[in-house]
Amino acid sequence: MDILIQREEAKLLPFCTRMEEIKTEFIIETVDFASEWFKRTANEYVTKYPEVTLTMSEEKLANMKTKVNELIRNSEKIVKSELENPDLWWHQKPHLHDSIEQYTQVADKYPEILDRAVRHALGNLGTVLEEFRFHVIASGNTGSYQEFWFEHPQDSDKTIPIYPHLLKWTEEMQDTIRKYNAQFVQAMKLYDEIQKLKEQKKRLQAMARWESI
């Protein structure tokens, strides 16, 4: 039984190694995506609300641009702080009863577990837009703002900025998660077999102990 378990675990290891490589690939692609997105979306809000932009002093506008550029420069740090979370990636915390659909993409509906993390990273722009009164609130303070860029996690008093609107990942990001999902589906089957073997081993040990008395 031990040999059988070791054999199946040896089969699982390459899947986990490959999934780690794919995770790294996805993070790199998301950093590039976020960097472009911060710049593009800031530009959109500057023109979406010209009455705000045109009433700002040169100094204030320059200050806002500096903060947006800081986000762009820190894209890697921001994205990694979200996507390096082991809870997002099955291969880092394998669970027997996880949904086999959790990394599946259907059209533009991305896996929620990862989409939320990407949106949290992008939500950092909301704090800048709120500071300069572009009709966005990311801090959780209610008011007369038109857009709410935050969420409250369950069982927590924290407020987390999040991008709430329609979001389209790059083709590279989508392809990478499809690759991860393909590995995940196969790895889950192997993991299930390993757990069944381990349970069988426990039952045999229990019976052997019973019969030895």
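We did not get these values from a lab; they are worked out from the coordinates using the rules stated. Treat the numbers as computed from the prediction; the structure is a model and nothing was measured. Here the Cβ positions follow ideal geometry from the backbone for every residue, glycine too, while neighbour counts run over all protein chains shown.
Below is a table of values for the structure above.
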item: Along the chain, longest interval not containing exposed trypsin sites (Lys or Arg not before Pro), exposed being DSSP loop plus at most 11 other Cβ atoms within 10 Å; result: 1-157
item: In sequence order, calculated HN-Hα J values of the range 28-36 (Karplus, 6.51, -1.76, 1.60; Hz; x Gly/Pro); result: 4, 5, 6, 4, 4, 4, 5, 4, 5
item: Stokes-Einstein diffusion coefficient of the range 130-179, Kirkwood radius over Cα pairs, 10 °C, 1.306 mPa s, in µm²/s; result: 122 µm²/s
item: Whole-Hz ³J(HN,Hα) from phi, Karplus 6.51 cos²θ - 1.76 cosθ + 1.60, for the range 110-127, glycine and proline x; result: 8, x, 4, 4, 8, 4, 5, 5, 4, 5, 5, 4, 5, x, 4, 5, x, 5
item: Value of [θ]222 nm, deg cm²/dmol, for the chain, DSSP H segments ≥ 4, -39500 (n - 2.57) each, nearest 500; result: -22500 deg cm²/dmol
item: Ranking of LEU197, LEU204 by count of other Cβ atoms within 10 Å, fewest first; result: LEU204, LEU197
item: Alpha-carbon centroids, the range 31-76 and the range 123-198: separation in whole Å; result: 21 Å
item: 19 Å Cα-Cα reach of LYS196 towards lysines, excluding residues that sit fewer than 8 places from it in its own chain; result: LYS11, LYS93
item: Diffusion constant of the chain at 4 °C, which comes from Stokes-Einstein with the Kirkwood Cα-pair radius and 1.567 mPa s, µm²/s; result: 65 µm²/s
item: Amide H contacts under 5 Å for PHE150, placed H, 5+ residues apart; result: ILE162
item: Links that overshoot a 31 Å alpha carbon limit, given the list LYS48/LYS109; LYS23/LYS158; LYS158/LYS202; LYS65/LYS179; LYS39/LYS179; LYS80/LYS179; result: LYS158/LYS202; LYS65/LYS179
item: Charge-dipole axis of the range 125-213 as Lys and Arg at +1 and Asp and Glu at -1 on Cβ define it, positive-most pick from PHE184, PHE134, MET173; result: PHE184
item: Using θ = phi - 60° and Karplus 6.51 cos²θ - 1.76 cosθ + 1.60, couplings along the range 61-67 (whole Hz; Gly, Pro as x); result: 5, 5, 5, 4, 4, 4, 5
